[in-house]
Structures are given as C-alpha cells and as structure tokens.
1. Scanning for something touching a strand residue (DSSP E or B) at 6+ places or on another chain (Cβ under 7 Å) and open to solvent by less than 30 Å² (accessible area, probe 1.4 Å), does region 196-208 turn up at least one residue?
2. Given the residues VAL250, VAL271, which is the only one that is under 15 Å from LEU290 (Cα atoms) and of a type in the set (A, V, I, L, M, F, W, C)?
3. Restricting attention to region 291-299, does a residue exist that is buried (at least 22 other Cβ atoms within 10 Å of the Cβ) and touching a residue at least 40 places away in the same chain (Cβ under 8 Å)?
4. Run down SER241, SER213 and say which single residue is open to solvent by 10 Å² or more (accessible area, probe 1.4 Å), out of contact with any His (no Cβ under 8 Å at 6 or more places or on another chain) and farther than 22 Å from VAL356 by Cβ.
5. Failed condition for THR323, given (1) among the β-branched types (Val, Ile, Thr); (2) surrounded by 15 or more Cβ atoms within 10 Å (Cβ to Cβ); (3) at pLDDT 95 or above, with all others met?
6. Has region 368-387 got at least one residue that is surrounded by 20 or more Cβ atoms within 10 Å (Cβ to Cβ), more than 18 Å from ASN239 (Cβ to Cβ) and at pLDDT below 95?
7. Which numbered condition trips up VAL250, out of (1) within 10 Å of the chain's Cα centre (by Cα); (2) surrounded by fewer than 19 Cβ atoms within 10 Å (Cβ to Cβ); (3) closer than 16 Å to ALA332 by Cβ; (4) of a type outside the set (S, T, N, Q)?
8. Looking at region 348-368, which of its residues are of a type outside the set (Phe, Trp, Tyr) and under 15 Å from THR308 (Cα atoms)?
Amino acid sequence: MFEFKFPDVGEGIAEGEIVRWLVAVGDRVKAHQPIVEMETDKAVVELPAPVGGTVRELRGAEGDTIQVGEVLAVIEEEAAAQPERPAALGVVGQLEVAEEPPPAEAEPEAPVAVLPADRKLAEELGVDLVGVKPSGPRGRITAEDIRAAAGAGEARTEAPREPERIPLKGVRKVMARSMVASHSSAVHVTIMERADALALRELRQRERKLVESRGLKLTYLPLVVKALTLVLERYPLLNSSLDEQAGQVVLHREINIGFAVDTPDGLLVPVVRRARHMSILELAGALLDLSERARQRKITPAELKGGTFTVTNYGAIGGLWGTPIINPPEAAILGIGRIEEAPVVREGQVVARPVVPLSLTFDHRIIDGATAQRFFNALIEHIENPDLILLEN
C-alpha cells in the first residue's frame, strides 16, 4: 500500500484544506492523475497521484484541514492490485454453465463508490447507500442521488428554518486573519481627494483602439497604476514596510503593485512585480492576465506574495469612497472610486467634468500626514496631467 502524504506545494505552507475529491474509494487511478483539489494559503491546486493503482482510503472529507505530511490517500499500487481481479475477466463462460445462481452475497462486497463528504451526507440523512442508484461517473453515488433517496416516499415535514452557517475557510479565512493583523498592528489614517479625469479619459479614448489591436483592453487602472509607480519612486516611504523586531523601516527597492480582485471565493490580491519598469501596455496585459487567473483560482501562491503597495478599485463595481485596510506588512493602500460626471469650478465657471474619487490609507507609524498629502498631490497631478506619465517614463 502506498500512503500519499500531503506535500508542501507552496512556499513553506503548514496546512491545506480539502476542496474536492476527484476520485472515490475503489477507483483505479493512473500515476500523475489528479485525485484531489487542495486549497493552500490562497490558491487551489490539484494534487496528482504519485503512483497508479486502486484507491483504498481517502483520509478526510471535503472542508477538512490537513497538515503537511499527513496521509491524504492510501493507494494499492498497480502491481499489487491486479491479482485481486482475475475472476472479473473470465466470468462469461462460468455464468453460462452455472445451474445455480451465483451467491447473492457476492455483489454487496464490492465497495460502494462514494466520496467521503457524500457518505457523511448519507449518514446524516439516514440513507443506506447499498440501495441507492448511482448516477455519477464510473458508477459513483452523488449527493443528488442521496438526497433523492432520502426524499423518496417520505412526507416532507415542516421544520424550523435554522440560520445558515458558512464555514470561515479558504480565502475568506486568510482575508479575515490578515485584516485583524492589519488593524491590530498598523495605525490607519485615511485621506480622500478627487482628481479631474478629463485628460485621462481623453488619453484612454485616443489610445483604446491601438491597445485593442494588441488583444488587450485599456481600462483606467493601468493608467493610474503607471502614474502611481512614478510617484512612489519619489515618495519611497509609501512603498515601505515596518520591521518591528529590528526597529527599522524597510524601503523597498522594487515597486510591486498588488491589486484587489473580487472572486466568488473572496478577495485575492495578485501582485504585478517590478511594475515601475513596465509600460502601460505591459501593465494592462499583466493586470488582465492576473485578474482572470485569480477569478479562475489558477493563480500560484508566489503570485500573491511580495507586494509593496496595494490598489483596490471598488469603482469597478460602482463604489465611490472607501477607507481601505492596509495589506500588511505594507505601509499604504490606494482606493479608486467610480469615475462620474460632477460639477467643478474651472476659470470661475461651474462645469461638468469626469471626476475620480481617491482614498489613501497609510500607516501613521511610518508616514506622517504631510508626506502622505504630498504624495497624494503628486498622484493627482499625474492623473490630471497624464502627459507627465509619458515624460517621466
């Protein structure tokens, strides 16, 4: 028997959570065939079987947390499994000449193909799996089969509607832990400003077709991120972190921009590394690629680490203002609101202009208000005069 132990698939992870078993007890698997989806830190990875053979045990149900080094599955290797199957290959002739029916108890000995979580569901519903007709692949009994068996012939009784409890796990668990760490360690201060986005909008409209001809989409985000990298270079305290043990402020030499991505499982923050050295086109491509893979949960743990400054664009879903929480151990975060027409005064006249609301939260242990405001002023200057982006790039 081969004991497949949960390996360290990330960078020094200690545990992972079983998202979904891809096989059931009794299934035959090939070497390198994915058998389970595990969520580690913030990414979901498929783990392949190291050896081929028959699955004899699955340790843990979906949602269970497994420590690195613990046994996930027990596989009877191919060479050892084959001797148990000779009767299944030559039974045709025997059945034709048999005068007596084969022993009725032979069939129940076959393992019922069902995932651990579904077996638990059957226990909760009081369903005998032996009598359930399977509809899943390779004769597997599914959760729907079990629920159908539980409901068949039974009168539905009214029961009190209990509140639904959703396990705090995976991405949401990591996010909750990170936010608590941020609030308990950093001193958050948020300042807000508005920037006139007319010139930025004109630049975007002017260059949109060119960008689309490269297979990309030019949103406001890569333009703002490009301006941000230029200003961060001038104000390195905003691109720093605090090493409390050493009593030092760490000024990062690279500008790695994390950006919040809304996914069905919660908020993920992929990181665009060395963003200062990237063109607007390159930023557009990187932001699009990372955000799409984050939503598909195809992003790697390494791509979620190493950020030095974070952007959260809640304007993309209609928000205006916010008080973003710093992504620890970074020193600041920028919130971008929805660009909309607003009345502004230009040359003594009230006119309608596209305005983008901006919120900057910074760690007051590292950054004083004057520095934060100067940084903010410079960023707004670049947004309102995007030619500066081209001149300083």
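The values are calculated or read from the model by the stated rules, or taken from the named source; none is laboratory data. What you see is a predicted model; the values in this text were computed from it and never measured. Don't worry about glycine lacking a Cβ; one is built from the backbone with ideal geometry, like all the others, and counts go over all protein chains shown. Only protein heavy atoms, including side chains, enter the accessible area calculation; ligands, DNA and RNA are left aside. Shrake-Rupley method; radii C 1.70, N 1.55, O 1.52, S 1.80 Å.
1. Scanning region 196-208 turns up at least one residue that is touching a strand residue (DSSP E or B) at 6+ places or on another chain (Cβ under 7 Å) and open to solvent by less than 30 Å² (accessible area, probe 1.4 Å).
2. VAL271
3. Looking through region 291-299, at least one residue is buried (at least 22 other Cβ atoms within 10 Å of the Cβ) and touching a residue at least 40 places away in the same chain (Cβ under 8 Å).
4. Within the list SER241, SER213, the selection yields SER213.
5. Of (1) among the β-branched types (Val, Ile, Thr); (2) surrounded by 15 or more Cβ atoms within 10 Å (Cβ to Cβ); (3) at pLDDT 95 or above, only one is false for THR323: (2).
6. yes
7. Among (1) within 10 Å of the chain's Cα centre (by Cα); (2) surrounded by fewer than 19 Cβ atoms within 10 Å (Cβ to Cβ); (3) closer than 16 Å to ALA332 by Cβ; (4) of a type outside the set (S, T, N, Q), the lone unmet condition for VAL250 is (1).
8. If the condition is that a residue be of a type outside the set (Phe, Trp, Tyr) and under 15 Å from THR308 (Cα atoms), then LEU360, THR361, ASP363, ILE366, ILE367 are the ones that fit.
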